[in-house]
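Trainee: Can you read through this structure? Questions will come right after.
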Amino acid sequence: MSAPLFLVEALPTGDTLTLDGPEGHHAATVQRLRVGEEMLLADGHGGTATAVVTAVGKGTLDVEVTSRGYVDASVPRLVVVQGIAKGDRGELAVQAMTEVGVDEIVPWAAARSVVQWRGDRGVRAREKWAATAREAAKQARRAWLPVVAGSPDESTQTVVRRIAGAAAAFVLHEEAEERLTTAELPVTGEIVLVVGPEGGIAQPELSAFREAGARTVRLGPSVLRTSTAGVAALSVLSTRLARW
């Protein structure tokens, strides 16, 4: 089994570190790491370090850094505009997309989103998505922590501007004729994928996205849930871009 990964605000400049706070508690109390065991540290921005546990306290670990590294950011960046979904479907989507390599997730308040994030509720919901992404990044041993973008719920016009500035943009749509498996892909910049909510993407939204430069694509004959469409599309792109 590979060494567990823990996220820190900044990697130590010296050879030793005391890991405390929530990460220290998780390492010492939940995972029960012991002296001599190896662990990974990451700052969420590509910086990594391998360390060995030298002492265990109550909710803390002392570690010695044995090596350092840096993982370049993937190019092109993969950004998923995720329609807000009801229940835990949004969090399931965030978890799975983080595990397969999404670089940024944009919560989108689509016209047909059953749930709308407003006020404090929206702030809490976005924070939950960010926490889900953080835990999934640790599980996947990712050196880069994906961004959960902007305000609690981005408007359609914000998504339009994001599409207009992208190197390529694709809207997943069951009636599209073009397939993501054969669509032309850029080698740099940003690829934006738009995933609609449970009720689908409204025609005015689809028209606005097309006018901004997005192309509608499909994955196959099946109609996927909003919680699985993004991860399926990212898997296709990860293979085609030789990330996998």
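The values are calculated or read from the model by the stated rules, or taken from the named source; none is laboratory data. What you see is a predicted model, and the numbers here were worked out from it, not measured in a lab. Here Cβ is always computed from backbone atoms with ideal geometry, including for glycine, and neighbour counts include all displayed protein chains.
Trainee: Working only within the range 1-22, note down all residues that are in contact with an Asp or Glu (Cβ under 7 Å, 6 or more places away or on another chain) and more than 14 Å from His45 (Cα to Cα).
Mentor: Selection gives Ala3, Asp15, Thr16, Thr18.
Trainee: Examine the range 108-124 for a residue that is assigned by TED's automatic domain parsing to the domain that holds Gln157, within 15 Å of Pro146 (Cβ to Cβ) and not basic (Lys, Arg), and state whether such a residue exists.
Mentor: Within the range 108-124, the subset assigned by TED's automatic domain parsing to the domain that holds Gln157 is 108-124.
Within this subset, residues satisfying the condition of being within 15 Å of Pro146 (Cβ to Cβ) are none.
The answer is no, given that none of the residues of the range 108-124 is assigned by TED's automatic domain parsing to the domain that holds Gln157, within 15 Å of Pro146 (Cβ to Cβ) and not basic (Lys, Arg).
Trainee: When the residues of the range 212-226 are filtered to those that are assigned to a loop (DSSP other than H, G, I, E, B) and at pLDDT below 95, which remaining residue is surrounded by the most Cβ atoms within 10 Å (Cβ to Cβ)?
Mentor: Taking the candidates together, the pick is Leu219.
Trainee: Would you pick out the residues in the range 132-149 that are part of a helix (DSSP H, G or I) and in contact with a strand residue (DSSP E or B) (Cβ under 9 Å, 6 or more places away or on another chain)? Walk me through it before giving the result.
Mentor: The initial filter retains those residues of the range 132-149 that are part of a helix (DSSP H, G or I), namely 132-139.
Thr132, Ala133, Arg134, Ala137, Lys138, Gln139, listed by residue number.
Trainee: Check the range 144-159 and report whether any residue there is touching a residue at least 60 places away in the same chain (Cβ under 8 Å) and charged (D, E, K, R).
Mentor: Yes - at least one qualifying residue is present in the range 144-159.
Trainee: Within the range 172-200, track down each residue that is outside any loop (DSSP other than H, G, I, E, B) and buried (at least 18 other Cβ atoms within 10 Å of the Cβ).
Mentor: Here is the first cut: in the range 172-200, the residues outside any loop (DSSP other than H, G, I, E, B) are 172, 179, 190-195.
Matches in the range 172-200: Leu172, Glu190, Ile191, Val192, Leu193, Val194, Val195.
Trainee: Now for a separate question. From the list Val94, Val114, which residue is of a type in the set (Val, Ile, Thr), over 14 Å from the mean Cα position of the chain (by Cα) and within 18 Å of Thr226 (Cβ to Cβ)? Steps first, answer last, please.
Mentor: Working: Val94 fails: over 14 Å from the mean Cα position of the chain (by Cα).
After ruling out the rest, the residue left standing is Val114.
Trainee: Would you check if there is a residue in the range 16-24 being touching a residue at least 40 places away in the same chain (Cβ under 8 Å), touching a helix residue (DSSP H, G or I) at 6+ places or on another chain (Cβ under 8 Å), surrounded by 18 or more Cβ atoms within 10 Å (Cβ to Cβ) and not aromatic (Phe, Trp, Tyr)? Before you say what the answer is, go through the steps one by one.
Mentor: Just the residues of the range 16-24 that are touching a residue at least 40 places away in the same chain (Cβ under 8 Å), to begin with: 16-20.
Now narrow it down to the ones that are touching a helix residue (DSSP H, G or I) at 6+ places or on another chain (Cβ under 8 Å): 18-19.
With the extra rule that they be surrounded by 18 or more Cβ atoms within 10 Å (Cβ to Cβ), the set shrinks to 19.
Then keep just the ones that are not aromatic (Phe, Trp, Tyr); that gives 19.
Yes, the conditions are met somewhere in the range 16-24.
Trainee: Give the residue that is modelled with the highest pLDDT, with candidates limited to residues of the range 175-211 that are of a type in the set (Asp, Glu) and closer than 14 Å to Gly83 by Cβ.
Mentor: Glu205
Trainee: Tally the residues that are part of a loop (DSSP other than H, G, I, E, B), out of contact with any Lys or Arg (no Cβ under 7 Å at 6 or more places or on another chain) and not polar (S, T, N, Q), restricting the search to the range 88-113.
Mentor: Looking only at the range 88-113, we keep the residues that are part of a loop (DSSP other than H, G, I, E, B), and these are 88, 101-103, 109-113.
Filter again for out of contact with any Lys or Arg (no Cβ under 7 Å at 6 or more places or on another chain), leaving 88, 102, 109-113.
The next check asks that each one be not polar (S, T, N, Q); those that pass are 88, 102, 109-112.
Summing the residues that are part of a loop (DSSP other than H, G, I, E, B), out of contact with any Lys or Arg (no Cβ under 7 Å at 6 or more places or on another chain) and not polar (S, T, N, Q) in the range 88-113 gives 6.
Trainee: Tell me the residue from Val80, Val63 that is within 30 Å of Gly200 (Cα to Cα) and crowded, with 18+ Cβ neighbours inside 10 Å, please.
Mentor: None of the other options fit; the residue is Val80.
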